[in-house]
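First up is the structure itself, then whatever we jot down about it.
The values are calculated or read from the model by the stated rules, or taken from the named source; none is laboratory data. What you see is a predicted model, and the numbers here were worked out from it, not measured in a lab. A quick note on method: Cβ atoms are made from the backbone with ideal geometry, for glycine too, and the neighbour counts reach across all protein chains shown. To get the accessible areas, we keep the full protein, side chains included, count just its heavy atoms, and leave off ligands, DNA and RNA. Shrake-Rupley method; radii C 1.70, N 1.55, O 1.52, S 1.80 Å.
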Amino acid sequence: MVSVKEVYEVGEIPPIGEAPPLMYAQLIRPERFGEPIKAFQIEKVETPAELKPREALVLVMAAGINYNNVWAARGLPVNVIKAREREGDTTGFHIGGSDASGIVYKVGSDVENIKVGDEVVIHCGMWDEDSPFVKAGNDPMFDPSFKIWGYESNWGSFAQFTKVQAHQCLPKAPHLAWEEAAAPTLVGATAYRMLRAWPPHTVEKGDVVLVWGGSGGLGSMAIQIAREFGGIPVAVVSSEDKFDFCLKLGAKGCINRKEFDHWGMLPHWTDNEAFARWSQGSRAFGAKFWEVLGERRSPRIVFEHPGEDTIPTSIFMCDTGGMVVICAGTSGFNATVDLRYLWMRQKRLQGSHFANDEQAGAFNQMVIDGKIDPCLGETYAFEDIGQCHQLMYEGKQPLGVMAALVSAKRTGMREAE
């Protein structure tokens, strides 16, 4: 019989299929809500032992870093711990992390898509698989039970073990190191749904796509997805030193948003002077867009996530009959639009949220096929997970995406050792 220790140090790998009773995790507790550097702390907790029939326990080799757990650390705009307490969760803490690569250690009685020992990446979409709406074949993203694992659920990837629904597990790309594989799934699958799931506005050959935040996680994935489907992406970034990064991913050109100052909520249309200043700024931005594109064409698709600061310009920029698709509001949630552009030019403002199994799987296949660079900017140690989120909170994160090693002993590992 294999001997299993009570707890393994971070970087130690227990025998495959043998999970210890305790594990180390980066925890957020309500009394620590605030800046991420203080909110995250390493604690020893019980390894989740009980699995439902379609759940799996995965040893986390590396975890991706996303903005959602900046929100979780601050307790804003939702106290995720209190929200779960209303549903009966009594843990009193939050283990975040919505991206991971790892090894399957245990599966529930009804799991068929994975087995113990499989090397996987995990997408962050969770839902009630027994929901009548889901069982009828509808998109689970529209079911009330939908949640983001590692944000709206506990037992995310910032721990030695994570508990997931088995359908979340996808094959790990063999050519990627653990940290590379852990990094792109949340942002990549989100970008895939935004660009491919809203017909007739699915990016196709020749479509011009305006990509906000082209050097970040979402933007770097959007540029590559648009490129692979024949689109022509133009990236907006915060400094010219990010141009080369976006151009290498496939952007036709880049715009430095710091050259413009008309950002923010749209002035009221009765304030002639302020509205005229905004119009002048947005038209100058449009002229710059045409300049870097090399022709006078407006974007058929605008890939949005800043929200409050940029929505007025996105609506203005979007081509007649085109779509602005948005998945976040990192600059704020109160966005204003000039409705005349929506109804007279018949534009579409479309919300989008993560991805379903089919979309997450399609993006992951692009990664496996080598069509997508994970754009891993920096890899951190497990103990630095709070610092990673602090950098993101302060807007000082590296280009691309970030990841943290958990059970992987070092960077560059492609298998368990």
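Collect the residues in the range 127-170 that are of a type in the set (Gly, Ala, Ser) and surrounded by fewer than 19 Cβ atoms within 10 Å (Cβ to Cβ), keeping them in residue-number order.
Scanning the range 127-170 gives Ser131, Ala136, Gly137, Ser145.
State which residue pairs qualify: first residue within 19 Å of Leu339 (Cβ to Cβ) and free of Cβ contacts under 8 Å to residues at least 12 places away in the same chain and inside the range 269-288, second residue outside any helix (DSSP H, G or I) and open to solvent by 100 Å² or more (accessible area, probe 1.4 Å) in any location, beta carbons under 8 Å apart, and separation of 6 or more residues or different chains.
As it stands, the answer is Ala274/His268; Phe275/His268; Phe275/Trp269, since those pairs meet every condition given.
From the list Val337, Val401, which one is over 15 Å from the mean Cα position of the chain (by Cα) and hydrophobic (A, V, I, L, M, F, W, C)?
Going through Val337, Val401 in turn, the sole match is Val337.
Filtering the range 8-39 down to residues that are assigned to a strand (DSSP E or B) and more than 26 Å from Gly412 (Cα to Cα), which residue is farthest from the chain's Cα centre (by Cα)?
Leu22
If I go through the range 241-291 residue by residue, how many of them are of a type in the set (A, V, I, L, M), within 23 Å of Val208 (Cβ to Cβ), open to solvent by 30 Å² or more (accessible area, probe 1.4 Å) and under 28 Å from the mean Cα position of the chain (by Cα)?
1
Identify, by number, the condition in (1) closer than 30 Å to Gly412 by Cβ; (2) modelled with pLDDT under 95; (3) loosely packed, with under 14 Cβ neighbours inside 10 Å; (4) not β-branched (Val, Ile, Thr) that Met1 doesn't meet.
The number of the failed condition is (1).
Being under 21 Å from Gly219 (Cα atoms) and touching a Phe, Trp or Tyr at 6+ places or on another chain (Cβ under 7 Å), is that true of even one residue in the range 239-253?
Within the range 239-253 (the criterion being under 21 Å from Gly219 (Cα atoms) and touching a Phe, Trp or Tyr at 6+ places or on another chain (Cβ under 7 Å)), the answer is no, since none of the residues qualifies.
Can you list the strands (runs of 3 or more DSSP E) found entirely within the range 317-413 that contain at least 3 residues being open to solvent by less than 70 Å² (accessible area, probe 1.4 Å) and either without any contact (Cβ under 8 Å) to a residue 24 or more places away in the chain or farther than 23 Å from Asp207 by Cβ (or both)? Walk me through how you get there before you give the answer.
On the way: elements: 323-326, 348-351, 376-380, 401-405.
Ranges flagged: 376-380, 401-405.
Select from the range 96-126 the residues that are among the acidic types (Asp, Glu) and free of Cβ contacts under 8 Å to residues at least 60 places away in the same chain and write down the one among them that is surrounded by the fewest Cβ atoms within 10 Å (Cβ to Cβ).
Glu112
Pairs, please: C-beta under 9 Å, at least 6 apart or cross-chain, first residue farther than 20 Å from Phe354 by Cα and hydroxyl-bearing (Ser, Thr, Tyr) and in the range 221-246, second open to solvent by 50 Å² or more (accessible area, probe 1.4 Å) and assigned to a loop (DSSP other than H, G, I, E, B)?
Cβ pairs passing all conditions: Ser238/Gly395.
Being under 26 Å from His389 (Cα atoms), aliphatic (A, V, I, L, M) and either out of contact with any His (no Cβ under 6 Å at 6 or more places or on another chain) or touching a residue at least 24 places away in the same chain (Cβ under 8 Å) (or both), is that true of even one residue in the range 195-210?
Looking for residues that are under 26 Å from His389 (Cα atoms), aliphatic (A, V, I, L, M) and either out of contact with any His (no Cβ under 6 Å at 6 or more places or on another chain) or touching a residue at least 24 places away in the same chain (Cβ under 8 Å) (or both), one finds none in the range 195-210, hence no.
Just the residues that are in a helix (DSSP H, G or I), of a type in the set (D, E, K, R), within 30 Å of Gln346 (Cβ to Cβ) and open to solvent by 10 Å² or more (accessible area, probe 1.4 Å), please, taken from the range 171-225.
Arg196 - this is the single residue of the range 171-225 that is in a helix (DSSP H, G or I), of a type in the set (D, E, K, R), within 30 Å of Gln346 (Cβ to Cβ) and open to solvent by 10 Å² or more (accessible area, probe 1.4 Å).
Among the residues of the range 48-74, how many are in contact with a Ser or Thr (Cβ under 8 Å, 6 or more places away or on another chain) and either closer than 15 Å to Val187 by Cβ or surrounded by 23 or more Cβ atoms within 10 Å (Cβ to Cβ) (or both)?
12
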